[in-house]
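Participant: Here you go, one structure.
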């Protein structure tokens, strides 16, 4: 049994029914045990009717009292309208972090109001109103929702316009032999010239093309230009070969490596003159289709190179089986490893002094890249590195546009997906 604020005892279910109709039951059972004259029948029926009405009135009052208690326990009903409602002032959020802080502050204020209101109805109702405070994530851990500025949007537009206009240039940087520094072959480095004449390097525009889904189209254009350059070198009687960097996003795209096989088949005179350089990350994440495409390119006489290495760990035999013929490793990492007693930079890799000989046994030639200081050259010679590349030897130089001749027209947005499909 519970009691309302008006001191009304409230019974429920069977107890309330027995309490309400007990007088009526006793009045109806009285003639069975007590002799009643004929003149008392009508008064007895009247008393029985009154007791029934009394029972119905008691049940109605009990139900109304129970409804009041239930409405007091449920938030948002009429009994709770006395609780003041706090409206949050409209705030201009500067970002997701300030918006979350504002929401957390408002939630704390509402929790305080609810606690005060619960004390009015006593400890029993306080258990109903106690709601655990909302927990918001740390704003600094949320992903950035910042919109690009007008300047950034303008830069993206200029890069895409230059790409669609095919204002792509090639610069060549030689790779020389050590210690004689004779040029053995070249690496083709891409540049993009904007409409105002500004020349951008890959670090400035490549991420924009990748976000726009144009990385594979860009790589195919570079390969096409490199093939024209290799054809020019062959016509001049040069034995130099040309290395071309491929982006990891293009390599991961289905059908991209197969499309390169089709490009090379169209010009068999330059087989073996184009070296495809794949990032170290891509070599470590080849699936069955990638391996099949590399095997098809290897059968056509296309050599491969490992580029953009982040560490010095490699399996020379496994890479040689995939067709790797050159491996580029950062010069500073190798020199730093050579200065240690065990000749290791970090982890279980081989002694750096054994790199050149280990790779040579597998038919792979080691190239030290990013040689930017003169004192690096003697250290690399001591390690037996056969080839090197860097500003110490030569800076990248632009290729004359007339060398490329009549190149194929840029791929359109509608034709590009079709070129990714492999025949059959």
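Taken together, the values in this text are just the output of simple stated rules run on the coordinates, not laboratory data. Small disclaimer: the values here were computed from a predicted structure and weren't measured. Heads up, the Cβs are rebuilt from the backbone with ideal geometry, glycines too, and the neighbour counts pull from every protein chain shown.
Participant: Find how much the distance from residue 349 to residue 49 grows on full extension, using 0.36 nm per residue of separation minus their present alpha carbon separation; answer in nm with one decimal.
Facilitator: 97.8 nm
Participant: Does the range 233-301 come out rounded, prolate or oblate by the C-alpha gyration tensor, with a ≥ b ≥ c the root eigenvalues, rounded set by a/c under 1.5 and, if not, prolate when a/b is larger than b/c and oblate if not?
Facilitator: In terms of gyration-tensor shape, prolate.
Participant: What shape does the range 189-334 have by the C-alpha gyration tensor, where a ≥ b ≥ c are the square roots of the eigenvalues, rounded means a/c under 1.5, and otherwise prolate means a/b greater than b/c and oblate the rest?
Facilitator: Since a/c stays below 1.5, the shape of the range 189-334 is classed as rounded.
Participant: Just rank 374, 351, fewest to most, by other beta-carbon atoms within 10 angstrom.
Facilitator: Arranged by neighbour count, lowest to highest, 374, 351 become 374, 351.
Participant: At a Förster radius of 51 Å, what calculated FRET efficiency corresponds to the Cβ-Cβ distance of residue 56 and residue 149, to the nearest 0.05?
Facilitator: E(calc), rounded to 0.05, equals 0.10.
Participant: For the pair residue 160 and residue 400, how long in nm is the line joining their label points, each one 7 Å along Cα→Cβ?
Facilitator: 3.7
Participant: So what is the relative contact order for the range 156-419, in percent, with contacts set as C-alpha pairs under 8 Å and at least six apart?
Facilitator: On the way: 423 pairs, mean separation 52.4, N = 264.
It rounds to 20 percent for the range 156-419.
Participant: While we're on this one: For each of 182, 273, count neighbouring Cβ atoms within 10 Å of the residue's Cβ, then give the residues from fewest to most. Mind showing how you got there, number by number?
Facilitator: Details: 182 9, 273 24.
Exposure proxy ranking, most exposed first: 182, 273.
Participant: Counting alpha carbon pairs within less than 8 Å and at least 6 residues apart, what relative contact order, in whole percent, applies to the range 221-327?
Facilitator: Here the relative contact order equals 26 percent.
Participant: Related question: Could you list 216, 63 so that the one with the fewest beta carbons within 10 Å of its beta carbon is first and the one with the most is last?
Facilitator: With the fewest neighbours first, 216, 63 line up as 63, 216.
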